[in-house]
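Trainee: Input: one structure, supplied below.
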Amino acid sequence: MKIGLVCPYNIAKGGGVQEIVRATQLELAARGHEAKILTPEPRDMPDVHRQDHIIFVGGAADFKSPLHTTSQFSLAADTYGITQMLEEEKFDILHFHEPWVPVLSRQILSRSNSVNVATFHAKLPETLMTRTMVKVVTPYTKAVLKQLDELTAVSEAASEYVRTLTDAPVSIIPNGINLSQFKWINQTVEHEMKNILYIGRLEGRKGVSYLLQAYGLLVERDVNVSLTIAGDGPDREKLEDMVAMLELPNVTFKGYVSEEEKVQLLQEADLFCSPALFGESFGIVLLEALATGIVTVAGNNPGYAAVLQDLGSLSLVNPKDSEEFARRLDVMLHDMELRKLWKKWAKDYVKQFNYPRVVDQYLEVYESAYTRHAKGTKPAWANSK
C-alpha cells in the first residue's frame, strides 16, 4: 500500500501526535509499504528533517491552545499544489491525525480520491474557553467527518468529542511505544535514598504544584526521599519559588532533557509521578515508565485511567488531595510486596502497546476501509448528528 500520514503539527518538535506519526511511518516502511508524512513546513526548519519520506504542504504558525500549550499548526496551503501533489503520489490510504485541527486536513480531504482514515488524539477539558472553541470548530469538524471512511481514537477519552458529532463507529487504537528503546530495570537492591521523578511540561494542568505539596508532607515523615523534576515550561520559576517558600529539601530542576537523558533518569528513579489534572487523552510518558519497570503514581484523569487499568489503577490518585497523594507516594515507594506485584503486572501489560502491535491494528482498519472503498461502498455515517 501507499500511505500518507497527515500531521497538522510541527513534525520537527516533540509531541505525542508527532511521535506516533513518525513511529507509524517507520514501522509501515519496514513492512514494505510506501509511507510518507504530509505536514506543514515549520518556521526555521532544520535540514536534518528534510527527508524523502516527508512532504511539506504549506506552512505553520504558532498557536496557543486552551491548555495553554504553544504549538505550531497548519496554515492555508496552495490548493493547486495540494491537487498536484495528490495526483503525483496517488496514495491508497490517507491517514489524518487530529483532522479537526485547521486547516491542512480539510484542504487535503476535499481533494482526496484515496481512502480517508482519521485518528483523534486530544481530550479537551471542560472549561469555558474550550466550550467556546468547540462551538467554533464543530461545524468545521462535521464537514470533515463526512469525508472520512474510518474513525479511530487513541482512547475513550479522546473519542468523546467526535462521538457527540456522529453515530459512526470509532475504533480505539492506543498510542504506542518502542519497547526496544527502554531497558527493563530489575532492582535487586533498594536505594536508601528514594528518588521520585517527574518528566513533562511545567504548566498548570500538569499538577506539579500539587506534587510539591504532597512531597512536602512526605518528607516530614521520611527524610530519605528526593524529587527530580525534568522539563520546562511557563510555570518553572513559580514552582522553583514554591520549593524555596516551603523549604522543600532535595528537589532538583533538570530543565529540558534529551531522549537519552530521559531514559537514564527513568532507569535511576524509584518512583515515577505524573500528576496531570486534565487534558490528557492517553499518557505515553506512563508507558515509558512501565516499559522501564518503574513503579508509577499518576493523576486520576480519564486519559491516564485509560492506560493504568487492572492492577495499574492502584497508581491513580487525586492530586488535589494532598494527604492521600502523600500516602500513595509513601506506599508505592516502600511497600516491597506491592512494588514487586506492580512490576510483574507492568512487564506483561505494556507489551500490547509496542508499535508493531499498534500498527497491526491500523493496518486492519486500512485494509477494511480499502476493500469497502474498492467496492464503491460509502460509509454508513454520511449524515452527521
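Trainee: So, VAL358, is that one more than 22 Å from GLY4 (Cβ to Cβ), part of a helix (DSSP H, G or I) and either at pLDDT 95 or above or in the same structural domain as HIS33 (by TED's automatic domain parsing) (or both) or not?
Mentor: It is false that VAL358 is more than 22 Å from GLY4 (Cβ to Cβ), part of a helix (DSSP H, G or I) and either at pLDDT 95 or above or in the same structural domain as HIS33 (by TED's automatic domain parsing) (or both).
Trainee: Search segment 192-216 for residues being touching a Pro at 6+ places or on another chain (Cβ under 6 Å) and crowded, with 22+ Cβ neighbours inside 10 Å, and hand back the single one that is nearest to ASP330 (Cα to Cα).
Mentor: Here the answer is LEU211.
Trainee: Turning to a different aspect of this structure: Does segment 272-284 hold any residues that are surrounded by 24 or more Cβ atoms within 10 Å (Cβ to Cβ) and outside any loop (DSSP other than H, G, I, E, B), and which are they?
Mentor: Once the filter is applied, which keeps residues that are surrounded by 24 or more Cβ atoms within 10 Å (Cβ to Cβ) and outside any loop (DSSP other than H, G, I, E, B), segment 272-284 yields PHE272, CYS273, SER274.
Trainee: Still on this structure, I have one more. Output the residues belonging to segment 144-190 that are polar (S, T, N, Q), part of a helix (DSSP H, G or I) and over 27 Å from HIS373 (Cβ atoms).
Mentor: Within segment 144-190, SER180, GLN181 meet the criteria.
Trainee: Right, next: Please go through segment 356-366 and give me each residue that is touching a residue at least 12 places away in the same chain (Cβ under 8 Å) and not aliphatic (A, V, I, L, M), ordered by number.
Mentor: PRO356, ARG357, GLN361, TYR362, TYR366
Trainee: What residue, of VAL297, VAL243, VAL317, is closer than 16 Å to GLY200 by Cβ, at pLDDT 95 or above, among the β-branched types (Val, Ile, Thr) and buried (at least 17 other Cβ atoms within 10 Å of the Cβ)?
Mentor: Going through VAL297, VAL243, VAL317 in turn, the sole match is VAL297.
Trainee: Okay, moving on. Working only within segment 337-355, note down all residues that are closer than 30 Å to ARG31 by Cβ, assigned to a helix (DSSP H, G or I) and not small (Gly, Ala, Ser).
Mentor: Of everything in segment 337-355, those that are closer than 30 Å to ARG31 by Cβ, assigned to a helix (DSSP H, G or I) and not small (Gly, Ala, Ser) turn out to be LYS347, ASP348, TYR349, VAL350, LYS351, GLN352, PHE353, TYR355.
The values are calculated or read from the model by the stated rules, or taken from the named source; none is laboratory data. Treat the numbers as computed from the prediction; the structure is a model and nothing was measured. Cβ atoms come from the backbone with ideal geometry, glycine included; neighbour counts cover every protein chain shown.
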